[in-house]
6 protein chains.
Amino acid sequence: MTTVKLLTDEEASPEARAVFDDIRKTRKSDFVNNAWRAQANDPPNLKRTWEKAKEVMGPGTPLDPLVKEFIYLTVSIMNNCEYCIHSHTYFAQQKGMTMAQYNDMLRVIGLATEGNRMMTAMQVPPDERFKVG
Amino acid sequence: MTTVKLLTDEEASPEARAVFDDIRKTRKSDFVNNAWRAQANDPPNLKRTWEKAKEVMGPGTPLDPLVKEFIYLTVSIMNNCEYCIHSHTYFAQQKGMTMAQYNDMLRVIGLATEGNRMMTAMQVPPDERFKVG
Amino acid sequence: MTTVKLLTDEEASPEARAVFDDIRKTRKSDFVNNAWRAQANDPPNLKRTWEKAKEVMGPGTPLDPLVKEFIYLTVSIMNNCEYCIHSHTYFAQQKGMTMAQYNDMLRVIGLATEGNRMMTAMQVPPDERFKVG
Amino acid sequence: MTTVKLLTDEEASPEARAVFDDIRKTRKSDFVNNAWRAQANDPPNLKRTWEKAKEVMGPGTPLDPLVKEFIYLTVSIMNNCEYCIHSHTYFAQQKGMTMAQYNDMLRVIGLATEGNRMMTAMQVPPDERFKVG
Amino acid sequence: MTTVKLLTDEEASPEARAVFDDIRKTRKSDFVNNAWRAQANDPPNLKRTWEKAKEVMGPGTPLDPLVKEFIYLTVSIMNNCEYCIHSHTYFAQQKGMTMAQYNDMLRVIGLATEGNRMMTAMQVPPDERFKVG
Amino acid sequence: MTTVKLLTDEEASPEARAVFDDIRKTRKSDFVNNAWRAQANDPPNLKRTWEKAKEVMGPGTPLDPLVKEFIYLTVSIMNNCEYCIHSHTYFAQQKGMTMAQYNDMLRVIGLATEGNRMMTAMQVPPDERFKVG
């Protein structure tokens, strides 16, 4: 149950439809997922978001696309975003994530989230040595 | 201002002191950071946490140690943990993180956290295709 | 699937039933939504919460009721509260929110949540000029 | 204590310096706050973020600039972002927020955040009537 | 650095001053902490909040006051609220919390927060048996 | 819809199956809930987590098992973890939680989460008196 309509190709405005077409072309797939169909209700924002996503998540940046998927998925898990957990677990698998890597990622997330909470609970101040700025 | 005492080597119990020694040996450094000095107030838990951290974050697992640092740092940023943001930005730099990689990580975090919120705001349901379980 | 019973008018205690009646009278509608039926399991707290909600969200305060709905909905989106996102998107529409206003609100939420995370990631200190307290 | 350098005008790259200039021109003020000086470490992202912020927060959109500041500040409070709470309380005051409006906003945030938590605690399902999508 | 003035007894309005007096009487102490001095900027809300806090946290309810402090402190740790972590660690100690109990509470928080994240990461559905509502 | 398979006894590895057996023996019940069936995809981590959970949540520690359930449930509510809210509301009831205690816990959570947010919104500094570390 969404709060907005998930727009079909027919319902989308020409500006939104052009973004759908670029998604298809970039991914070499006819599939346009719900994330974009929901955001199509605000076409200029859809366009800006898609162009940013294409640039940030694509190849040619300092981090490997799969590493970027691990980071995206970690954020989604921390934000408790049901949609994003499902979509980015899938995208990570598409980009080659193995079950062993997935388990390893979960172990780090588990360790970190517990460790973070302990530091917060005891209000531990950063050591002088960590001042990198 | 912590809620517990940060225990010096002299104040730590023998069980906690043994953990400090293993931290020094593992890291080949005399430095024991505040995270462990705070947790030394509960020696059995300190020991369990350190042994888990050593195993999870060390070499020899499916993910590269630097990739694991990116994941740990991402969790820390999402949890708004001041201590952990400072310590793990430092640890990532120690393991070779460049400024270009850091910026790239931040771009993914920014994109993901905004995208997550949009999906949550509009309560978008996961596409059938993403069902990987 | 709730963790408590959603109480019908018949199941509610007289104290809770009196709150239901005031909800109906205040809203000029026979509809009592699940939020109140769940909270009816603790009648004194139900009464306190309803009286506070009526005062805080109603007309006659410095902010316009629709502006207050934008704030309530923003909190709900940030808290990832499924129930509250649905109910307050509906309430905002009832109070006149247009699709263009909704999109505008989402753009601000998206910008802010990304910007917030960047400041947290880099632990940027507030400028002197911002000291308003 | 930041994790990056806050770049002065002299340290910023030409691309970042051009953004600083546009910030000054747009705000009709010589002051460039730390948020931009931190983000100047990634000039292309600085430019993209500033242009988006200028468009989203400026006049000429469906919501009044002060209403957008209330939304931005609410997000910042929910994200526990120290920098953003200070900067956007200041910006809201600059745009005319009165103490009475500020108190009113806080009342709504308080009511909403408690109400949200109760719905989450009891896992209350959205009423059919709220289905607006 | 607050965003509002922490009001002294002299600066507080008569309505707020009456709340300060009741805080002193209830706690049998002359000390009025910053939480109330900040909220004194909105006297009617200060009064409502104090009366609720007095009723909810005081003796005479189903849970023991110390158990209620554990719950309050746990919420504060999860919300990353610096002020509240300090004040409620102090209040819990005033009500008799031992270091052993504190450590035990932290162990549960650590276990739970890691376990929660794993369930969220893997989107595990609740077992039928847990349906208690 | 999970992101991993919930492993049956037959599908679980011998190491995971041994954990299932210990769960059954410890709880004196044949029921193994989904939390463990999901985590069985990483058998060594399953074993470590179960052994920690058994030690932390069991009898013989400074806090009473029911008090520990209140803390666990509070964390789960704050983390918005659907699975954990259901399972630990159930476990708390199994350990004797009454409806009056449950309502009391919710009142404290509601008070605390609102109070936390007010302190964060106004960036109130901890009083000197609270310095317990």
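Just so it is clear, none of the values below were taken in a lab; they were calculated from the coordinates. Fair warning: this is a prediction, and the values are worked out from it, not measured in the lab. Because the Cβ atoms are built from the backbone with ideal geometry, glycine has one as well, and the counts that use them run over all protein chains shown.
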Label model pair B:Thr98, E:Glu15: point-to-point distance (7 angstrom along the Cα→beta-carbon line) in nm is 6.1
In whole angstrom, largest first, the equivalent ellipsoid semi-axes that the Cα gyration tensor gives for chain B are 34, 17, 16
Most exposed to least, judged by fewest other Cβ atoms within 10 Å, A:Thr2, C:Thr26 sort to C:Thr26, A:Thr2
One decimal, nm, shortest first: give the distances between the label point of C:Glu55 and those of the same position in the other copies, each label point 7 Å from Cα along Cα→Cβ. 1.1, 4.4, 5.0, 5.0, 5.5
At D:Lys5 and D:Lys28, where each label point lies 7 Å from the Cα along Cα→Cβ, what is the point-to-point distance in nanometres? 3.5
Taking the rotation axis that maps chain A onto chain E, which residue of A brings its Cβ closest to that axis, and at what distance in whole Å? A:Glu114, 2
Diffing region F:49-66: the Karplus 3J(HN,Hα) column from phi (6.51, -1.76, 1.60, θ = phi - 60°), in whole Hz with x for Gly and Pro, holds 5, 5, 5, 5, 4, 4, 6, 6, 8, x, x, x, 10, x, 9, 5, x, 5
Cross-link partners among lysines for C:Lys28, C-alpha distance below 27 Å, same-chain residues fewer than 8 apart left out? C:Lys5, C:Lys47, C:Lys52, C:Lys54, C:Lys68, C:Lys95, D:Lys131
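Please give me the summed charge of the neighbours of E:His88: other residues whose Cβ is under 11 Å from its Cβ, Lys and Arg +1, Asp and Glu -1.
That sum, taken over residues with Cβ under 11 Å, equals +1.
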How far, in nm to one decimal, is A:Ala18 from itself in the other copies if the label point is set 7 angstrom along Cα toward Cβ? Shortest first, please. 2.3, 6.3, 6.3, 6.4, 6.9
A correct fewest-to-most ranking of F:Leu106, B:Leu66 by other Cβ atoms within 10 Å would be B:Leu66, F:Leu106
Taking a point 7 Å out from Cα toward Cβ as the label site, list the nm distances between F:Met99 and the same residue in every other copy, smallest first. 4.4, 4.5, 4.5, 4.6, 6.4
Run through all the Cα pairs of region A:82-128 and give the fraction in each 10 Å bin from 0, expressed as whole percent. 22, 35, 24, 18, 1
Order by neighbour count: F:Val4, D:Val124, fewest other Cβ atoms within 10 Å first, most last. F:Val4, D:Val124
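All other residues with a Cβ under 12 Å from the Cβ of C:Leu66 taken together, and with Lys, Arg as +1 and Asp, Glu as -1, what is their net charge?
-1
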